[in-house]
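Written below as structure tokens is the structure these notes are about.
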Amino acid sequence: MAEDDKNGQPDDNKDHRNTMRKYWVGKLKRRLTRHRTAVRTLIVTTTLAAVIVAVYAAIRPALTMVVKLARGPATVFSLVKNPEGVLRSTRSRTNIVLLGMGGVDHKGAELTDSIIVVSVDLASTDSLVLSIPRDIWINSLKTKINATYYYGEQRQEGGGLVLAKAAVEEIIGQPVHYAVSIDFDGFKHAIDLVGGIKINVPETFDDYKYPIPGMEDAEPEELRYEHLRFDSGSQNMSGERALKYVRSRNAKGPQGTDFARAQRQQQVLAAFKNKLLSLETILSPTKIKELVQTYTGSVRTDLGEAEYVSLAKLAIQPRRENLRYGILKEQDQETGEEGLLVNPPPAEYDGQWVLIGRGGSWDEVHSYVDSLFYENMTSNAN
């Protein structure tokens, strides 16, 4: 029966509309049933398109930042060009020295507290990390290697990287193509930006003489130092904690040696690299922007834009070989195990505690480094 209108009369028009609505709905259902496969395909395609658009929208700011970093056609081209055509190299290896230093708010601001050589084979992407003790004596310059950056900067701006590279080349007998320096504040901030790093501390150690910045001349002397303790096992470290972990020099036992310190530096470097290249970091436009700002304010380098883009490209490629490590170490006083470095009488070096090559030359160190750099090449040739 038709419903009444406002005047109490049957509403034939409304009844007709209901009938036609039912007719078209039924007709549409019949057509959808006959073309169910096509409809499902349309739904899946639309959903995938929406997901792609959403992902692109999420990473677009990061891509934009990368493009802004690549300020020119040459750098953009390096994203697709073979790194061997962009990076300087010798026998297919590009060697970079990383220098860690205190910065403006620390005593000895331009003394390099950490010196690490990273060597990458451009063909196989085999990578080597080699730690250089900061107390090595550079006879040609009459100073320790950790002061070469400072003296280079005294000569001219930018000379620190040049002189530091020359000193490292003298020690390892290999060309150093690039140098990168970063201060402590930049180091800490970069680690905090990626959410900290996970480190497996091999054994518990205490350092009762870790220097407190700004307290170098405090009296009594005990006020100058902080007590550090690191318990063995896996733990998450902030930038501040990681810096103390790699800088600690006065622990009792094996963890107080330069050898252990170099191992800790390599641990932190590898952990930071993994966190930096994680999806959590790469897909975060905010983190990328802040990391770039940290890089700009705390890092000095002679890498050009096209060159560091090529290095980034190498870093994200799957490795056919594991990351390898090497350390120049002195004789172990507890075990008597010989090392490549020796500690001569301080009186011969202006009263300073220094390290030199065994036998008074760098020949054995050169042979050791050469075997590290090219051992895979030799084994592959066989």
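Only one of Ile115, Ile145 is surrounded by 22 or more Cβ atoms within 10 Å (Cβ to Cβ) and out of contact with any Leu (no Cβ under 8 Å at 6 or more places or on another chain). Can you tell me which? On inspection, the qualifying residue turns out to be Ile145. In this structure, Asp207 does satisfy being touching a strand residue (DSSP E or B) at 6+ places or on another chain (Cβ under 7 Å), of a type in the set (Asp, Glu) and either assigned to a strand (DSSP E or B) or more than 30 Å from Leu283 (Cα to Cα) (or both). Within the set Glu157, Glu203, Glu221, Glu216, the sole residue that is surrounded by fewer than 15 Cβ atoms within 10 Å (Cβ to Cβ) and at pLDDT 90 or above turns out to be Glu203.
Restricting the search to segment 308-347, which residues are modelled with pLDDT of 80 or more and under 25 Å from Lys188 (Cα atoms)? Matches in segment 308-347: Arg324, Tyr325, Gly326, Ile327.
Restricting segment 160-182 to residues that are touching an Asp or Glu at 6+ places or on another chain (Cβ under 8 Å) and assigned to a strand (DSSP E or B), the residue that is surrounded by the fewest Cβ atoms within 10 Å (Cβ to Cβ) is Tyr178.
Taking the numbered list (1) outside any helix (DSSP H, G or I); (2) of a type in the set (Asp, Glu); (3) in contact with a helix residue (DSSP H, G or I) (Cβ under 8 Å, 6 or more places away or on another chain); (4) surrounded by fewer than 19 Cβ atoms within 10 Å (Cβ to Cβ) in turn, Asp185 passes all entries but (1).
If we scan segment 244-252, do we find a residue that is closer than 25 Å to Ala312 by Cβ, surrounded by 15 or more Cβ atoms within 10 Å (Cβ to Cβ), of a type in the set (Lys, Arg) and touching a strand residue (DSSP E or B) at 6+ places or on another chain (Cβ under 6 Å)? For segment 244-252, residues closer than 25 Å to Ala312 by Cβ, surrounded by 15 or more Cβ atoms within 10 Å (Cβ to Cβ), of a type in the set (Lys, Arg) and touching a strand residue (DSSP E or B) at 6+ places or on another chain (Cβ under 6 Å): absent. If only residues of segment 256-287 that are surrounded by fewer than 18 Cβ atoms within 10 Å (Cβ to Cβ) and among the small types (Gly, Ala, Ser) are counted, the one that is modelled with the lowest pLDDT is Ser278.
Of all residues in segment 146-159, those satisfying the criterion of being within 26 Å of Val120 (Cβ to Cβ) and assigned to a helix (DSSP H, G or I) are Asn146, Thr148, Tyr149, Gly152, Gly159.
The values are calculated or read from the model by the stated rules, or taken from the named source; none is laboratory data. Predicted model only: the values in this text are computed from it and were never measured. Methodologically, a virtual Cβ is constructed for each residue, glycine included, from the backbone with ideal geometry; neighbour enumeration extends over all protein chains shown.
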